[in-house]
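Enquirer: Once you've had a glance at the structure underneath, I'll fire off some questions.
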Amino acid sequence: MDVEDLREQALDAGTRTSAAAARTRALEDAARGAARRNGRTQMESKPFPTAAVLGGLALSLFMAALDATIVSTAMPKIAAGLGSFDHYTWPFTSYLLTCTLATLLCGACATRFGHKRVFACGISVFAIASVCCALSNSLDTLTAWRAVQGVGGGLVEAGVFIAMAELFEPRVRGKYMGILSSMYGLASIAGPLAGGLIADTVGWHWIFLVNLPLSIVALVLVVRFLPGKQAHAERSFDLPGAACAAAAVVPLTLAFSLTGNAFAWFSVPFFGLLALAGVMIAVLVLVERRRDHAIVPVRFFRRAQVNGAVAMGFCSQFSLLVGVMFVPRFVQEGLGLSSTASALATIPMTLALVVGSTLAGRVFGANGRMRIISRIGFLALGVGAMLLCLVNPETGMVQLACSSAVLGFGIGVNMPMTNIAAQTAVEPRDMGKVTSLALFFRGLGGTVGSAACGAVAGASFASAALPVFTLCIGAAVAGLALSGTLPRLIERRR
């Protein structure tokens, strides 16, 4: 055998080895693709204590939702204690701003680092910032730490629903999602009452310090029992996309959160902020179209189900914030009752929201009929809004309570549906990002809703029920139309 023969044999062996390696890689890629298509991950095959995990997620979500409302009734005491009523709304605005941005970015962070790490980081940041808020000695310092706290709150809120998407298939997820979504209703009841009570008894500092034991318990449950995400390969983080998203979210949020306080509707600052947000959204789209691992994948918006889900979430949260803002003010200005009575007046709406959310989750878990459940929710929302249009100072508290309860029930029914609709429209590897996107639009709907309610009601809420809740009727009609983008039935996975 000469040298040429040996060389040819070596080349043949190398070719066969390369081909075998290529086949192996192809099989591995196919296996990973099949796993993604079937929604199977390594962590799903490992048993975990469902009750402990749900307890940690529910406590975390309740804690984050509570902090968005508990400060409201205590803010006069806080401002008086810090000796400054200048920039009174800044602690609210700074929290809202960073929470909104963190919610949008959480999905990409969870994809890159794993949802358990990001979730635990969010709880830790929230706890540390809460202590620093309690120790603040000026309104400016409090505003800064509230911004940091908002980052933790946004990561926690989005992290809860991302973890649910990773842990449970859609039908099972619906049952538990209804329970978790009800935490918003419970927090909206407990927050204002607890804020006023704590501020009047032990001092406003404890409004923030109460988060520390809750955070510790939630963190222990998450670290000990929440399975970690292991299915998706590591990816580079989209820093240009994050920068563009921040540049778009900040002016958009400020335009609606400051309207009516810092400047008027349809003023130069309002349109200036909207124009800046529009330009940065266009830049964001151009940047994300060229990114392999975009924070906001443009391809999501080519799917009708994703568009419908995020728009329905916007409509639901818009209506919720209109109701939450209108009812207490109407009780004080229209019925002439006390501030305590105005805080209690929202209880029928929020309890009905809890019932609607829990019931919708259970019904969806049993039959999987997403579209009809969503339509029932928006029908109830529309009926409740029409009943609230008839409210006036002569109708009394009973009609207000019953009408707002119907509105709250309809909103609650759609809370779990919009999240699951968005998640089932994409591949499992994209569920974190689409969950963050859905939560972002839901939060934006609340911001726009509260601003629109104040603008339409004007100086007097006593006679503003008809124009205010006409907005909610429009949201209900839009939601009914958008529900046609949802699948009729979600099959249970075997």
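Enquirer: Kindly provide the set of residues from the stretch 102-129 that are assigned to a helix (DSSP H, G or I) and not hydrophobic (A, V, I, L, M, F, W, C), ordered by number.
Expert: Matches in the stretch 102-129: 103, 107, 111, 112, 115, 116, 117, 122, 124.
Enquirer: Turning to a different aspect of this structure: Limited to the stretch 296-349, what total is found for residues that are in contact with an Asp or Glu (Cβ under 8 Å, 6 or more places away or on another chain) and of a type in the set (A, V, I, L, M, F, W, C)?
Expert: Pass one, the stretch 296-349, residues in contact with an Asp or Glu (Cβ under 8 Å, 6 or more places away or on another chain): 296-298, 300.
From what's left, of a type in the set (A, V, I, L, M, F, W, C): 296, 298, 300.
Of the residues in that region, 3 qualify.
Enquirer: Tally the residues that are touching a residue at least 24 places away in the same chain (Cβ under 8 Å), within 24 Å of residue 57 (Cα to Cα) and buried (at least 21 other Cβ atoms within 10 Å of the Cβ), restricting the search to the stretch 128-150.
Expert: The number of residues fulfilling the criteria is 5.
Enquirer: Looking at 375, 329, 371, which one is assigned by TED's automatic domain parsing to the domain that holds residue 423 and touching a Lys or Arg at 6+ places or on another chain (Cβ under 6 Å)?
Expert: Step by step, each of 375, 329, 371 is checked, and only 371 is assigned by TED's automatic domain parsing to the domain that holds residue 423 and touching a Lys or Arg at 6+ places or on another chain (Cβ under 6 Å).
Enquirer: Moving on. Looking at the stretch 472-494, which of the residues that are β-branched (Val, Ile, Thr) and within 24 Å of residue 107 (Cβ to Cβ) is surrounded by the most Cβ atoms within 10 Å (Cβ to Cβ)?
Expert: 490
Enquirer: Specify which of the listed residues (421, 438, 452) is buried (at least 24 other Cβ atoms within 10 Å of the Cβ) and in contact with a Leu (Cβ under 7 Å, 6 or more places away or on another chain).
Expert: From the options 421, 438, 452, the qualifying one is 421.
Enquirer: Ok, one more. Answer yes if at least one residue in the stretch 383-394 is over 29 Å from residue 254 (Cα atoms), surrounded by fewer than 23 Cβ atoms within 10 Å (Cβ to Cβ), modelled with pLDDT of 95 or more and of a type in the set (Gly, Ala, Ser), and no otherwise.
Expert: no
Enquirer: Right, next: Could you figure out which of (1) over 18 Å from residue 72 (Cβ atoms); (2) buried (at least 23 other Cβ atoms within 10 Å of the Cβ); (3) out of contact with any Leu (no Cβ under 9 Å at 6 or more places or on another chain) isn't true of residue 168?
Expert: Among (1) over 18 Å from residue 72 (Cβ atoms); (2) buried (at least 23 other Cβ atoms within 10 Å of the Cβ); (3) out of contact with any Leu (no Cβ under 9 Å at 6 or more places or on another chain), the lone unmet condition for residue 168 is (2).
Enquirer: Of these, 191, 196, 178, 159, which one is touching a Pro at 6+ places or on another chain (Cβ under 7 Å) and under 25 Å from residue 449 (Cα atoms)?
Expert: One residue alone meets the criteria, 178.
Enquirer: Six or more apart or on different chains, Cβ atoms under 7 Å: show the pairs whose first residue is in the stretch 409-428 and within 18 Å of residue 299 (Cα to Cα) and whose second is outside any helix (DSSP H, G or I) and not charged (D, E, K, R).
Expert: That search, which allows pairs on different chains as well, returns 421/486; 424/490; 428/39.
Enquirer: Using the structure shown, decide if residue 311 is part of a helix (DSSP H, G or I), in contact (Cβ under 8 Å) with a residue 40 or more places away in the chain and under 24 Å from residue 189 (Cα atoms).
Expert: no
Enquirer: Could you tell me which of the residues 286, 274, 254 is within 28 Å of residue 114 (Cα to Cα) and part of a helix (DSSP H, G or I)?
Expert: Values: 274 fails: within 28 Å of residue 114 (Cα to Cα); 254 fails: within 28 Å of residue 114 (Cα to Cα).
Testing whether each residue is within 28 Å of residue 114 (Cα to Cα) and part of a helix (DSSP H, G or I) leaves just 286.
Enquirer: Residues of the stretch 200-259 being more than 30 Å from residue 298 (Cβ to Cβ), modelled with pLDDT of 90 or more and of a type in the set (Val, Ile, Thr), which ones?
Expert: Hits for the stretch 200-259 are 207, 210, 216, 217, 220, 222, 223.
Enquirer: I'd like the full set of residues that are in a helix (DSSP H, G or I) and closer than 24 Å to residue 343 by Cα, limited to the stretch 74-93.
Expert: Result: 74, 75, 76, 77, 78, 79, 80, 81, 90, 91, 92, 93.
Enquirer: Search the stretch 65-88 for residues that are outside the structural domain of residue 343 (by TED's automatic domain parsing) and pair each with any residue that is among the β-branched types (Val, Ile, Thr) and surrounded by 14 or more Cβ atoms within 10 Å (Cβ to Cβ) when their beta-carbon atoms are under 6 Å apart and the residues are at least 6 apart or on different chains.
Expert: Close Cβ pairs satisfying both conditions: 70/207; 74/207.
Enquirer: Need the failing condition index for residue 335 against (1) crowded, with 18+ Cβ neighbours inside 10 Å; (2) part of a helix (DSSP H, G or I), just the number.
Expert: So residue 335 meets the others, but not (2).
Enquirer: If you go through the stretch 438-456 one residue at a time, do you hit one that is within 30 Å of residue 342 (Cα to Cα), out of contact with any Phe, Trp or Tyr (no Cβ under 8 Å at 6 or more places or on another chain), of a type in the set (A, V, I, L, M) and modelled with pLDDT of 95 or more?
Expert: No, there is no match, as no residue in the stretch 438-456 is within 30 Å of residue 342 (Cα to Cα), out of contact with any Phe, Trp or Tyr (no Cβ under 8 Å at 6 or more places or on another chain), of a type in the set (A, V, I, L, M) and modelled with pLDDT of 95 or more.
Condition check ((1) modelled with pLDDT under 50; (2) under 20 Å from residue 136 (Cα atoms); (3) touching a Lys or Arg at 6+ places or on another chain (Cβ under 9 Å)) across all residues:
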site: 23; (1), (2), (3): yes, no, no
site: 45; (1), (2), (3): yes, no, no
site: 56; (1), (2), (3): no, no, yes
site: 77; (1), (2), (3): no, yes, no
site: 81; (1), (2), (3): no, yes, no
site: 89; (1), (2), (3): no, yes, no
site: 102; (1), (2), (3): no, no, no
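Enquirer: A further question on this structure: In the list 431, 386, 397, which residue meets the criterion of being over 28 Å from residue 332 (Cβ atoms), touching a helix residue (DSSP H, G or I) at 6+ places or on another chain (Cβ under 9 Å) and in contact (Cβ under 8 Å) with a residue 40 or more places away in the chain?
Expert: 431
Enquirer: Now a separate question. Do we have residue 411 as closer than 19 Å to residue 181 by Cα and surrounded by fewer than 24 Cβ atoms within 10 Å (Cβ to Cβ) here?
Expert: Spelling it out, it is not the case that residue 411 is closer than 19 Å to residue 181 by Cα and surrounded by fewer than 24 Cβ atoms within 10 Å (Cβ to Cβ).
Enquirer: Still on this model: Does residue 474 satisfy the condition of being in contact (Cβ under 8 Å) with a residue 12 or more places away in the chain and in the same structural domain as residue 328 (by TED's automatic domain parsing)?
Expert: Judged against the criteria, residue 474 is not a match.
Enquirer: Moving on. Quick check: anything in the stretch 459-471 part of a helix (DSSP H, G or I), touching a Lys or Arg at 6+ places or on another chain (Cβ under 9 Å), at pLDDT below 90 and buried (at least 21 other Cβ atoms within 10 Å of the Cβ)?
Expert: For the stretch 459-471, residues part of a helix (DSSP H, G or I), touching a Lys or Arg at 6+ places or on another chain (Cβ under 9 Å), at pLDDT below 90 and buried (at least 21 other Cβ atoms within 10 Å of the Cβ): absent.
The values are calculated or read from the model by the stated rules, or taken from the named source; none is laboratory data. Everything numeric in this text was worked out from a predicted model, so none of it was measured. Every residue, glycine as well, gets a Cβ built from its backbone with ideal geometry; the counts of neighbours run over all protein chains shown.
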